[in-house]
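Please treat every number below as a calculation from the coordinates, not as lab data. Model, not experiment: these values are computed from the prediction. Positions of Cβ are backbone-derived with ideal geometry, glycine not excepted, and every protein chain shown enters the neighbour counts.
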Amino acid sequence: MELTKPITDKINDFAPYAEMMPGVIIIHQIVDFSVVYMCSKGQKLLGVTVKELHEMGTEYYPRYFNMEHMQGILPKMETLLRENKANESFSYFQQVKFAEKNEWTWHMTSTGIFMWDDEGKPILTITVALPIDSMKEVEPKAERILQENIFLKDHADKFSLLSKREVSILQLVAKGKSSPEIAEELFISAETVQTHRRNIKQKLGISSNFEFTEYARAFNLI
C-alpha cells in the first residue's frame, strides 16, 4: 500500500531523531503491519532495505523473528490499538536473527502508537528494540519468560478446568507448603487438601511438585 503524504512527512520529520537513538527504531503501518521505516542501524543488522521490508509485508516476521513469541505479543498489540491511548506502550522480550547469522539475538522491545488519522484512528506504530546479548544475566531470564509463555499457551485449557479452591491449593503447593500447613491456612482438613491435590493432578495430568511449580509460574501464581 502506498504511503500518504501526511505519513511520509511524519516519518521524514522523525527519521533524523531516530538515527540518533540507541537500539533499532521501526515504524509499522497498522493496516497491513508492514514496515514503513527502519533506522539505518536496523537495516544494516538485517541486511535489507526499507523498500524490501515494505514489499515483504507480514513475511518479514517469520524471516527475522522467533515466531514462538508472536502468540504472546499479538493480544498485547490488540489491547494497545483497542484502548488507543497516547503515550501508552507494551514491552516484551524478542529474539531476532541478523543477516548471515544462525543464532538468535535477544532484544528488549517496546511498542506504542506513533500516528493517528484525522478521525483519531491509529495508523502507525513505533517500536524500539534494544539488544541485551551483552547483559548475560538477563538472557536466561528472558529465555525463562519465553518458555513460561509457551507453557501457558499450551496448557491454558487444562488450567481452566481447576476450581478457585484448586488454584489456591496449587499455588500453596508450589510455594512449598505441606498438606497440614495448607489445611491450617485454608481452614479445611488435611484429608480435603489431599483430595484436592489428587484432583489437580488428574485434571492437569501431572504427578510431581515440580509440575505444580511449573504451572504456578506460568500462570503468575508465584
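The fraction of Cα-Cα pairs per 10 angstrom bin, counted from 0 for the range 1-87, comes to 15, 44, 39, 3 percent, rounded to whole percents.
In order along the range 166-183, the Karplus-derived 3J(HN,Hα) couplings, from 6.51 cos²θ - 1.76 cosθ + 1.60 at θ = phi - 60°, round to 5, 5, 4, 6, 4, 4, 6, 4, 5, 7, x, 6, 7, 4, x, 5, 5, 4 Hz, and Gly and Pro are given as x.
Any chance you could give the angle, 0 to 90 degrees and rounded to 10, that helix 5-18 forms with the longest Cα principal axis of the chain? So the helix axis and the longest Cα principal axis differ by about 70 degrees. For mean projected area of the Cα convex hull in nm², the value calculated from this model appears in [x] 13.6; [y] 20.3; [z] 15.4 under label [z]. Straight-line reach from LYS10: taking Cα to Cα under 21 Å and skipping same-chain neighbours fewer than 8 places apart, the lysines in range are LYS41, LYS51, LYS85, LYS121.
Sequence gap at least 6, Cα distance under 8 Å: using those rules, report the relative contact order of the range 1-134 to the nearest whole percent. Don't skip to the end; give the middle numbers.
On the way: 209 pairs, mean separation 31.3, N = 134.
Dividing the mean separation by the residue count of the range 1-134 yields 23 percent.
The charge dipole of the chain, taken about its Cα centre with unit charges on the Cβ atoms of Lys, Arg (+1), Asp and Glu (-1) only, comes to about 640 debye. Phi-derived couplings, Karplus 6.51 cos²θ - 1.76 cosθ + 1.60 at θ = phi - 60°, listed residue by residue for the range 20-35: 8, 7, x, x, 10, 10, 10, 10, 10, 8, 5, 4, 9, 6, 8, 7 Hz, with x used for Gly and Pro.
Between MET115 and ILE123, LEU124, the built amide H atoms are under 5 Å apart, and every one of these is 5 or more places off in sequence or on another chain. Taking Cα atoms only, the orientation of helix 70-83 departs from the longest principal axis of the chain by about 70 degrees. Nearest 10 degrees is fine. How inclined is helix 139-159 to the longest principal axis of the chain, computing both from alpha carbons? Approximately 60 degrees, to the nearest 10.
Phi angles across the range 109-121 convert, under the Karplus curve 6.51 cos²θ - 1.76 cosθ + 1.60 with θ = phi - 60°, into 3J(HN,Hα) values of 10, 10, 10, x, 7, 10, 8, 10, 7, 5, 8, x, 8 Hz, Gly and Pro given as x.
When the charge dipole of the chain is built from unit charges on Cβ atoms (+1 for Lys and Arg, -1 for Asp and Glu) and taken about the Cα centre, the candidate among PHE187, THR109, PHE212 whose Cα reaches farthest toward its positive end is PHE187.
With 0.36 nm allotted per residue and the present C-alpha distance subtracted, the GLU148-LYS164 stretch has 3.6 nm of extension available.
Once every DSSP H run of n ≥ 4 in the chain is given -39500 (n - 2.57) and the sum is divided by its residues, what mean residue ellipticity at 222 nm do you get, rounded to the nearest 500 deg cm²/dmol?
On the way: 10 runs with 112 residues, N = 222.
Rounded to the nearest 500, the figure is -15500 deg cm²/dmol.
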